Amino acid sequence: MKEEFEVYLAGRIANLSYNEAMEKRLEMIKRLDEIGIKCRTPMRGKQHLAQKEKISANAFKDGLTIQEVISRDLSDLREVDALLILTGDDPSWGTAGEFYYCTWITHKPTLVIAKNYVGGWMEYYATRIVKDFDEAVQVLKHWKRYWNRKGSGIYDLR
């Protein structure tokens, strides 16, 4: 069993440039690495997209079927300890699917960064919603210390 705490970085990709899709992810990867939290992202292995003006669904698949692409994402979601949605103010269908999978299937904690009120289903089902990266880092720091790897609650520290 791995010992490190690991987070999946979800958020909008479609119709962004590679740099736009990676900007928040790279910032969060750097910040979380400093406190010993590892990150996975659906953008890993997709450096070839830097040549595209905007990322389309077909370019993202890069010769794979959508089942192959999503199977890797689902595998990552099963392996990580938590989901972090970087773009809660501007979610996508892919982000919604990742949120659904973590919330209802794997029961992993979900953290959403949203500067504006999101309300509805997101507010009801997200483990936590924060306004910015600073708050998100603090929450993940606590989750790293206390959250049970099975996603079923916090460690009993007695």
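Only one of the numbered conditions (1) within 15 Å of I85 (Cβ to Cβ); (2) in contact with a Ser or Thr (Cβ under 9 Å, 6 or more places away or on another chain) is violated by L49, and that is (1).
One residue alone among I35, I66 is surrounded by fewer than 13 Cβ atoms within 10 Å (Cβ to Cβ) and under 19 Å from F99 (Cβ atoms), and that residue is I66. Could you tell me whether any residue of the stretch 94-101 is part of a loop (DSSP other than H, G, I, E, B) and at pLDDT 90 or above? The answer is no; no qualifying residue exists. With respect to the conditions (1) more than 21 Å from E27 (Cα to Cα); (2) open to solvent by 10 Å² or more (accessible area, probe 1.4 Å); (3) of a type in the set (G, A, S), S92 lacks only one, and its number is (1). Are any of the residues in the stretch 5-13 open to solvent by 90 Å² or more (accessible area, probe 1.4 Å) and either touching a Ser or Thr at 6+ places or on another chain (Cβ under 8 Å) or in a helix (DSSP H, G or I) (or both)? No, the stretch 5-13 contains no residue that is open to solvent by 90 Å² or more (accessible area, probe 1.4 Å) and either touching a Ser or Thr at 6+ places or on another chain (Cβ under 8 Å) or in a helix (DSSP H, G or I) (or both).
Considering only residues in the stretch 106-119 that are modelled with pLDDT of 85 or more and open to solvent by less than 80 Å² (accessible area, probe 1.4 Å), the one that is farthest from L74 (Cα to Cα) turns out to be A114.
The one condition from (1) part of a loop (DSSP other than H, G, I, E, B); (2) out of contact with any helix residue (DSSP H, G or I) (no Cβ under 7 Å at 6 or more places or on another chain); (3) over 24 Å from W143 (Cβ atoms) that H48 does not meet is (1).
Which residues, taken from the stretch 38-51, are farther than 27 Å from R145 by Cβ and surrounded by 13 or more Cβ atoms within 10 Å (Cβ to Cβ)? Hits for the stretch 38-51 are M43, K46, L49.
Considering (1) within 23 Å of R145 (Cα to Cα); (2) without any contact (Cβ under 8 Å) to a residue 24 or more places away in the chain, the lone condition that Y100 does not fulfil carries the number (1).
The values are calculated or read from the model by the stated rules, or taken from the named source; none is laboratory data. None of these values were measured; they are calculated from a predicted model. Here Cβ is always computed from backbone atoms with ideal geometry, including for glycine, and neighbour counts include all displayed protein chains. Calculation scope for accessible area: heavy atoms of the full protein, side chains included, ligands and nucleic acids excluded. Shrake-Rupley method; radii C 1.70, N 1.55, O 1.52, S 1.80 Å.
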